[in-house]
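Below is one structure, written out as structure tokens; comments come after it.
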Amino acid sequence: MIDISVKDLVKSFDEDGNLLDGISFDVQSGERVGLLGKNGAGKTTLFKILTGEIDYNSGTIAFAQGKKVGLISQIPVYPPEFLVSDVLRAAFSGLDKIKARMRELEGQMTEHTPKEILTEYDALTNRFEAGGGYEIDTETDKICNGLAIPQSQREQLFSSLSGGEKTRVNLARLLLEKTDILLLDEPTNHLDMHAVEWLEEYISRFKGTVLTISHDRYFLDRVVNRIIEISNGKAEFYSGNYSFYVQEKQARFELQLKQYEKEQAKLSQLGFTLERMKGWGINNRTLYRRAMSIQHRMDRIEKTEKPKIEKTMRARFAERDFFGDEVLTVKGLGKAFDGRTLFHDVDLQVAGGERIALLGDNGTGKTTFLKVLLGEEAGVGKIKFGPTVKWAYLPQIIHFEHPERTLLDTMLYEKNCTVQTARDRLGAYLFEGEDVFKTVSSLSGGEQSRLRLCMLMDEKINLLILDEPTNHLDLASREWVEDALEEYEGALLFVSHDRYFVDKFATRIWELENQTIRDFPCGYEKYRSIKAFEALQAAPAAKEKREKKEKPKSTGGSKAIEKKIKTLERDIEKQETLIAGLDEKIAAAGADYQELSRLMEEKQTEETKLSGMMDEWESLSLQLEENV
């Protein structure tokens, strides 16, 4: 069954051409599809068209009838007094209306309630139960715990949250809405690694259809089973995850190039023969006819378009010679903020050439740690850089002193170089032609990161510190940055939630957790294995501790416990008799749907009571054994 159908979709914003130029695709029910393309290719525009936020020029869009669609590309506007809990509760607005109507009908019920009221109430009860009305609080807690939305944050005003926090809450609301089709626009942005892994598990269990825009390559590998790439207004299709897409795209490029070169060689050979035949056939009708036959043959050859070779950044860090083993030494480093300790008693040492990833959940203080190292924020403890160390820092939020300047002027003023040198360096980072006359303020976040990297790489450095270097970059730009870092031989310290990036570069992991930094002298995969093993080891101990905590306190000696147990045993026997009686009534009411529904609901209530009695009996029996 097709959940999303797009046929010959065309969208243009100006006279420069169509952003989407006749795109067609179908998404089958239950598919997980990744939507790829460079920044500006039209991915988000396509999402906005799918949800009706913007119009399109021509084509058709259809969703499976009755399917509910959810999108998180933009955060809805809520009243200023709305708490986070109110935003989350908005996911259940339909169930709340059903519940309100049920309460209204309950107020009208008497001993002689009209049949139509009972019929409506019964139908509403079934809808409420089927929609998960009795599991609202449980489901909300599960989603919020997975996305790291603590109870304290749920009582805050939604308007007081940061952009990242609002995105996370909005994602939670969308997941709680139980939509059939999820449209996710960069869902892993603003999520730490634990939350991303939880989201991956959630989507793997989700029974509906998913269409997602993402630059997170690990996420795409684990979640999607099909790729649609938008390029030059058209769509290309790949039947696999991201790793399959990379290999298949390269294979298609090589096949197309081989076919193109083969055709060009054949056309060149025929063209040479054609010109000779034309020359010889001036006074020879037979040779002239053969020349025309060759011309027709050339016209019939299907012309393969020459595959475009993507431009690559000709970027390389200017490295400073490093002498000695000591790059950075930290002793007793600590930082508290507004009465809250972020980290304390941190002792670390960095040697030349090391590549260190600083990992930790959002809010643990990773960026603050970097700023304390670089002297941008005050802290306690000692920080010592090696005598020949020159560092450079790429912050998470890029700032330029004069955003009104053009890219060319920015380079001229800040790097004090000639116009030709500035253009050459900008060109190495794909700022070419008229692009150099754009103002810095007009650049996207990814382009500003690329410009700042362009300026950093010109400096002779041997310690590079990066805070989320791949944020806001499309896949091609991420690969460009990675290529440049591959050739860099100095020390590297970086914060990143991009697991693909971490896995590729980290030879050492610093984990900021519980107000301290734990040092793992290994790469990302081994780090994950260690953490998984520790979690398995900790599980039995945590269970034992929890069970010990849940044991009831002494209630006055063994005799008092024995008395309670005997009372419970009598109550349990009565409860079992009551439930057995309900079973007989249920069997007799098979033809009366309303009575059957009422009896089933009553039985469920009584079985819950019985389960509670059994738990209490087991707990008291255990306590009695300990007192003996």
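Is it true that Phe431 is surrounded by 15 or more Cβ atoms within 10 Å (Cβ to Cβ), in contact (Cβ under 8 Å) with a residue 24 or more places away in the chain, within 30 Å of Gly352 (Cβ to Cβ) and not small (Gly, Ala, Ser)? So Phe431 fails the test.
Here Met457 meets each of (1) closer than 20 Å to Ala484 by Cβ; (2) open to solvent by 40 Å² or more (accessible area, probe 1.4 Å) with one exception, condition (2). Screening Asp55, Asp86 for residues that are of a type in the set (D, E, K, R) and within 18 Å of Asp14 (Cα to Cα) leaves exactly one candidate, Asp55.
Among the residues making up segment 7-29, those that are loosely packed, with under 14 Cβ neighbours inside 10 Å and over 27 Å from Phe206 (Cα atoms) are Asp8, Phe13, Asp14, Glu15, Asp16, Gly17. When Lys262, Lys258, Lys234 are checked against the criterion of being touching a residue at least 40 places away in the same chain (Cβ under 8 Å), basic (Lys, Arg) and open to solvent by 60 Å² or more (accessible area, probe 1.4 Å), Lys234 stands alone in meeting it. Scanning segment 349-373 for residues that are within 21 Å of Arg528 (Cβ to Cβ) and touching a strand residue (DSSP E or B) at 6+ places or on another chain (Cβ under 8 Å) yields a count of 10. The condition of being out of contact with any Gly (no Cβ under 9 Å at 6 or more places or on another chain) and modelled with pLDDT of 90 or more holds for only one of Gly34, Gly66, that being Gly34.
If you filter segment 261-287 down to residues that are in a helix (DSSP H, G or I) and of a type in the set (A, V, I, L, M), you find that the one that is nearest to Ile301 (Cα to Cα) is Leu267.
With respect to Phe244, determine if the residue is within 25 Å of Thr44 (Cα to Cα), open to solvent by 50 Å² or more (accessible area, probe 1.4 Å) and of a type in the set (Phe, Trp, Tyr).
So Phe244 passes the test.
Residues considered: Asp361, Asp325. Of these, the only one that is open to solvent by 80 Å² or more (accessible area, probe 1.4 Å) and at pLDDT below 95 is Asp325. The residue that is least open to solvent (accessible area, probe 1.4 Å), counting only those in segment 90-129 that are farther than 22 Å from Thr140 by Cβ and acidic (Asp, Glu), is Asp122. Based on this model, can you work out whether Ile227 counts as touching a strand residue (DSSP E or B) at 6+ places or on another chain (Cβ under 6 Å) and not in a helix (DSSP H, G or I)? Here the answer is yes, as Ile227 does meet what is asked.
Every test in (1) of a type in the set (A, V, I, L, M); (2) modelled with pLDDT of 80 or more; (3) assigned to a helix (DSSP H, G or I); (4) under 30 Å from Tyr218 (Cβ atoms) is passed by Ala539 save one, and that test is (2).
Name the residue that is modelled with the lowest pLDDT, counting only residues in segment 69-85 that are part of a loop (DSSP other than H, G, I, E, B) and of a type in the set (Val, Ile, Thr). Filtering segment 69-85 for residues that are part of a loop (DSSP other than H, G, I, E, B) and of a type in the set (Val, Ile, Thr), the one modelled with the lowest pLDDT comes out as Ile75. I'd like to check something: does segment 41-59 contain any residue that is out of contact with any Leu (no Cβ under 9 Å at 6 or more places or on another chain), among the aromatic types (Phe, Trp, Tyr) and in contact (Cβ under 8 Å) with a residue 60 or more places away in the chain? No; the residues of segment 41-59 include none that is out of contact with any Leu (no Cβ under 9 Å at 6 or more places or on another chain), among the aromatic types (Phe, Trp, Tyr) and in contact (Cβ under 8 Å) with a residue 60 or more places away in the chain. Which of the residues belonging to segment 30-89 are surrounded by 15 or more Cβ atoms within 10 Å (Cβ to Cβ), closer than 20 Å to Gly164 by Cα, of a type outside the set (Gly, Ala, Ser) and more than 19 Å from the chain's Cα centre (by Cα)? Tyr78, Phe82, Leu83, Val84, Val87, Leu88, Arg89, listed by residue number. Residue-level analysis places Glu139 outside the set of residues that are surrounded by 15 or more Cβ atoms within 10 Å (Cβ to Cβ), under 28 Å from Asp216 (Cα atoms) and at pLDDT below 85. Of the residues making up segment 509-531, those that are of a type outside the set (Phe, Trp, Tyr), surrounded by fewer than 21 Cβ atoms within 10 Å (Cβ to Cβ) and either in a strand (DSSP E or B) or under 20 Å from the mean Cα position of the chain (by Cα) (or both) number 7. The requirement of being free of Cβ contacts under 8 Å to residues at least 24 places away in the same chain and either within 30 Å of Glu139 (Cα to Cα) or hydrophobic (A, V, I, L, M, F, W, C) (or both) is not satisfied by Val196.
Report whether or not Arg425 is touching a residue at least 12 places away in the same chain (Cβ under 8 Å), open to solvent by 40 Å² or more (accessible area, probe 1.4 Å) and either more than 11 Å from Leu408 (Cβ to Cβ) or not hydrophobic (A, V, I, L, M, F, W, C) (or both). Outline the logic, then answer.
Numbers: touching a residue at least 12 places away in the same chain (Cβ under 8 Å): yes; open to solvent by 40 Å² or more (accessible area, probe 1.4 Å): yes; either more than 11 Å from Leu408 (Cβ to Cβ) or not hydrophobic (A, V, I, L, M, F, W, C) (or both): yes.
Yes; evaluated as a whole, the condition is true for this residue.
The values are calculated or read from the model by the stated rules, or taken from the named source; none is laboratory data. What you see is a predicted model; the values in this text were computed from it and never measured. All Cβ positions, glycine included, derive from the backbone under ideal geometry; neighbour counts span all protein chains shown. Just so you know, the surface numbers come from the protein's heavy atoms only, side chains and all, with ligands and any DNA or RNA stripped out. Shrake-Rupley method; radii C 1.70, N 1.55, O 1.52, S 1.80 Å.
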